[in-house]
Amino acid sequence: MDSQEKVKQLIELREKARLGGGLQKIEDQHSKGRLTARERINILLDEGSFEEFDMFVTHRTEDFGMGKKKFLTDGVVTGHGTIDGRVVYVFAQDFTIFGGSLSEAFSQKICKIMDQAMKVGAPVIGINDSGGARIQEGVRSLAGYAEIFERNILASGVIPQISAVFGPCAGGAVYSPALTDFIIMSEKSSYMFVTGPKVTKTVTGEEISTENLGGSGVHGTKSGVAHFVVDEEEQGLLLIRKLLSYLPQNNMEEPPLTECDDPIDRKEDDLNKLIPENPNQPYDVKDIIFKITDYSEFLEVHAGYARNIVVGYAKMGGMPVGIVANQPSFLAGVLDIDASRKAARFIRFCDAFNIPIVTLVDVPGFLPGSGQEYGGIIIHGAKLMFAYGEATVPKVTVTLRKSYGGAHCVMSSKQLRGDINYAWPSAEIAVMGPSGAIEILEGKAIAEFTDPDEKAAFIAEKENEYRNKFANPYEAAKFGFIDDVIEPRNTRFRIIRALRSLATKKDPGPMKKHANIPL
Ligand code: HXC
């Protein structure tokens, strides 16, 4: 072969590799509303930035006639590229080759880019579309998965790891995403389960559709496995680009500061009258978030799951922040198991990656009842407390309205190392709400009334007394638990100024191997 022929051979091999499992399989993939691995990478990365590794890798199995079935890449496209000019490592499983199932060689390709991403300090994005362990490879495939899992674990808290799940992912194909920081599912084409409907029926007798077992509806609202659910894959890939704009490349870097033309001292008069007169009337806390963030932008995480708490990313004065806010318009913003888990995980990610946390508090307490107690609200609520208390990033808290009982302590209170704690004049900070408190404090006196009107008047008077004493921010401010009571319309400015003052914060904890968060 002369040198020209050699170049021609290379070009042909590349073309072959780019066809994956072949034109028919690509057509099948498209007919199911799914993109191919390469199409996904092209949307994800800056144009022309993708540098592919290991295109010529094939599997090494002879069993089950596999020796005659070899495809270049072996079913996963790997390499690096840039997003907004910043380096990222990426792998995209190719369903057109053996259903994207994972062989030993396939796993080694993923491990290679993960190892390099760790050395370089750059995020890893995995696009998953796979039937799990390649059955023909047996234990070598399982070992391959475990190699990836271990790398996911070691990389956790060092580099951001983002998983898109597009397609029917089963077995090991869901456990690796579960170890990463964010999971994105597409409404039309994503499924995640440890075991699919067929195996479920065989083992347990339960008959259930793919959708109901592991569709995006399930994981975006019930299980909380998916952090983002998008209408279609392209939207999910663009969302990853957006998400990365809030994140540093690794845990040793600060999150990316950007120019901000939105005036930091923008006053929002509407905020002065946003809290309803009636303390039991709901309002949407996102209305407040949109008024205080740069350009009214907010990337909500877990939007459909545990909607009684809102978490997500925004910029304030050009600085990325993580926002945690109780949501009075859903279950009155109460803290329950799901809300505690959701917010705790979010806070820990922010803390690991140097993203300051802004907390907006309007919480009536923890949700009472056997359902919550049997489900372990004690341990799950403790997770949230732990996450806040452990976090050493700058923490700015604004109490908007209610802040009662244990939930008050949990929600970034001063004593959990809240750095700057503001309250609006509408804040009510107390052990519990007036009606609960009076029932306990005056229970005997109330029981003695025979006339219902007199009883009601007595309760109203006592509740009023209680409200005047505790249902305001000044009692807490008197003790320095609240640093300042602020005018709502100045909230954006006060938070940004607080964050800027905290930019150089250092608050190292005691040396330990690792903490034992209540799991
Ligand atoms: C080898 C596989 C495969 C697998 C799919 N294929 N999964 N090959 N190993 N795990 C192949 C099929 O044989 C088929 O090949 C092609 O991929 C497309 O698969 P279809 O079944 O035709 O596609 P579809 O109808 O869309 O169904 C997709 C699917 C289904 C839901 C993913 O294939 C499926 O249920 N696969 C098995 C899922 C599973 O139970 N995995 C768990 C493995 S155990 P041809 O040549 O016909 O095109 C595991 C343990 C890891 O992962 C441990 C971690 C803790």
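Any read-out appearing in this document is the output of simple, stated calculations on the displayed coordinates, not a laboratory observation. It should be emphasised that the depicted structure is a prediction, and the values quoted were computed from it without experimental measurement. FYI the Cβ positions are ideal-geometry reconstructions off the backbone, even for glycines, and counts take in every protein chain you see.
Taking the Cα centre of the range 1-125 as origin and assigning +1 to Lys and Arg Cβ atoms and -1 to Asp and Glu Cβ atoms, the resulting dipole is close to 200 debye. Each of the peptides 248-261, 443-456, 174-187 was scored by the mean count of other Cβ atoms within 10 Å over its residues; in descending order, highest first, they stand as 174-187, 248-261, 443-456.
The calculated 222 nm mean residue ellipticity attributable to helices in the chain amounts to -11500 deg cm²/dmol, summing -39500 (n - 2.57) over DSSP H runs of n ≥ 4 and dividing by all residues.
Subtracting the Cα-Cα distance of residue 139 and residue 235 from 0.36 nm times their residue separation leaves 30.9 nm of extension gain. Ranked by the mean number of other Cβ atoms within 10 Å of their residues, highest first, the peptides 472-479, 404-411 come out as 404-411, 472-479.
State the antiparallel share, in %, of DSSP beta bridges confined to the range 162-265, rounding to the nearest 5. Within the range 162-265, antiparallel bridges account for around 10 percent of the total.
Sorted on the mean count of surrounding Cβ atoms within 10 Å across their residues, most packed first, peptides 275-281, 37-43 read 37-43, 275-281. Kirkwood analysis of the Cα pair distances in the range 162-230 returns a hydrodynamic radius of 11.8 Å. Applying 0.36 nm per residue to the separation of residue 242 and residue 210 and subtracting their alpha-carbon distance, the gain on full extension is 8.5 nm.
Comparing Cα centroids, the range 457-517 and the range 20-87 end up 51 angstrom apart. Can you tell me the FRET efficiency between residue 146 and residue 252 if r is taken as the Cβ-Cβ distance and R0 is 35 Å, rounded to the nearest 0.05? For residue 146 and residue 252, the calculated efficiency is 0.80. FRET efficiency for the pair residue 23 and residue 503, taken as 1/(1 + (r/R0)^6) with r the Cβ-Cβ distance and R0 = 60 Å, rounds to 0.65. Remark: the residue 53-residue 512 segment gains 161.3 nm on full extension, using 0.36 nm per residue and subtracting the alpha carbon distance.
Over 24 Å between C-alpha atoms is what I'm after, so list which of 315/513; 342/395; 109/513; 383/414; 291/395 land there. Result: 315/513; 109/513 exceed 24 Å.
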